[in-house]
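These notes concern the structure reproduced below.
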Amino acid sequence: MIVFDNVSKFYDYHTVLRSVSFTVEKGEMIFITGPSGAGKSTLMKLIYKAEDADEGEITIGKYNVTSIKPSDIPYLRRNIGIVFQDFKLLRGSTVYDNVALALRIRGINEKEIRQRVSEALKKVNLRHVSDSNPKSLSGGEQQRIVIARAIVADPQVILADEPTGNLDPNTAIDIINLLRDININGSTIIVATHNRELFRGTGKRVLKIDSNRIVKEEQG
Ligand SMILES: Nc1ncnc2c1ncn2[C@@H]1O[C@H](COP(=O)(O)OP(=O)(O)O)[C@@H](O)[C@H]1O
Ligand SMILES: [Mg+2]
């Protein structure tokens with residue numbers, strides 16, 4: 001589903017990733033770890049083409065991301081749900097509207113939107129706060145809204161970059177367990193985190209990045 005083949009990324013004269021290769025199978029959930037500044041976020045950005053690789057080849061499903069036509073980038077991104085550390089929710093809109101937005105920009109009709117938003121909010125156990133403003137909810141609840149927004153359009157791939165960065169340890173584990181449930185339902189998921197507690201005991205594959213390379217592969 002996701003293939004990195006000898007991918008390098010440089011910022012000016014500074015190397016962030018050097019000859020990185022790995023494969024994520026369809027339906028797999030993996031963790032990318034490593035110290036702050038190791039290049040985890042950069043790796044995620046390469047997948048949804050927020051940054052361009054300087055060398056090597058990246059394939060996501062049927063898309064060759066490195067040679068993709070600019071006009072195909074929106075279609076690539078439709079296959080990818082993104083969960084950021086800082087929630088990036090619209091503070092002036094309800095929970096419902098935050099989740100619905102991803103479908104509205106695709107021109108889906110309101111009846112179908114209602115049904116899909118309701119399903120997504122149910123999966124993250126937030127249907128009861130559909131009409132609330134995200135501002136009035138806890139950090140863990142806000143991150144669950146972000147996850148509902150990422151899954152509502154049923155993407156093949158979910159990227160979660162430090163999804164628990166602002167949360168207390170118990171809430172962080174809840175979020176990881178939620179992502180694991182979503183993975184069981186078939187989504188391919190990559191979680192980038194510097195926090196080893198999040199993957200300990202999960203049994204998932206963990207790739208460690210350090211000094212620009214994948215230095216270790218282990219089991220969480
Ligand atoms: N847009 C950018 N321009 C220049 N350097 C950058 C940019 N984004 C990230 N970097 C640098 O690339 C390195 C990796 O950053 P990042 O991918 O954010 O690491 P991580 O997510 O593992 O903390 C860091 O040294 C960071 O300063
Ligand atoms: Mg980062």
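The values are calculated or read from the model by the stated rules, or taken from the named source; none is laboratory data. The shown structure was predicted, so the numbers you read here are calculated from the model rather than taken from an experiment. Cβ coordinates were reconstructed from backbone atoms using ideal geometry, including for glycine residues, and neighbour counts include every protein chain displayed.
For the stretch 145-172, the tally of residues that are of a type in the set (D, E, K, R) and under 26 Å from Gly34 (Cβ atoms) stands at 3. The number of residues in the stretch 25-41 being near ligand 2 (Cβ under 8 Å from one of its atoms) and either within 19 Å of Ile82 (Cβ to Cβ) or crowded, with 24+ Cβ neighbours inside 10 Å (or both) comes to 2. Looking across the stretch 105-121, the residues that are modelled with pLDDT of 95 or more and either under 20 Å from Leu159 (Cα atoms) or within 22 Å of the chain's Cα centre (by Cα) (or both) come down to Ile113, Arg116, Val117, Ser118, Glu119, Ala120, Leu121. Checked against (1) away from ligand 2 (no atom under 16 Å from the Cβ); (2) of a type in the set (Ser, Thr, Tyr); (3) modelled with pLDDT under 95, Tyr63 meets all criteria but (3).
Give me the pairs: first residue in the stretch 8-25 and acidic (Asp, Glu), second residue assigned to a strand (DSSP E or B), beta-carbon distance under 9 Å, and six or more apart or on different chains, which are they? As it stands, the answer is Glu25/Ile2; Glu25/Thr188, since those pairs meet every condition given.
Each residue in the stretch 162-220 was checked for being under 23 Å from Ile60 (Cα atoms), within 15 Å of ligand 1 (Cβ to nearest atom), in a loop (DSSP other than H, G, I, E, B) and under 13 Å from the mean Cα position of the chain (by Cα), and 3 of them qualify.
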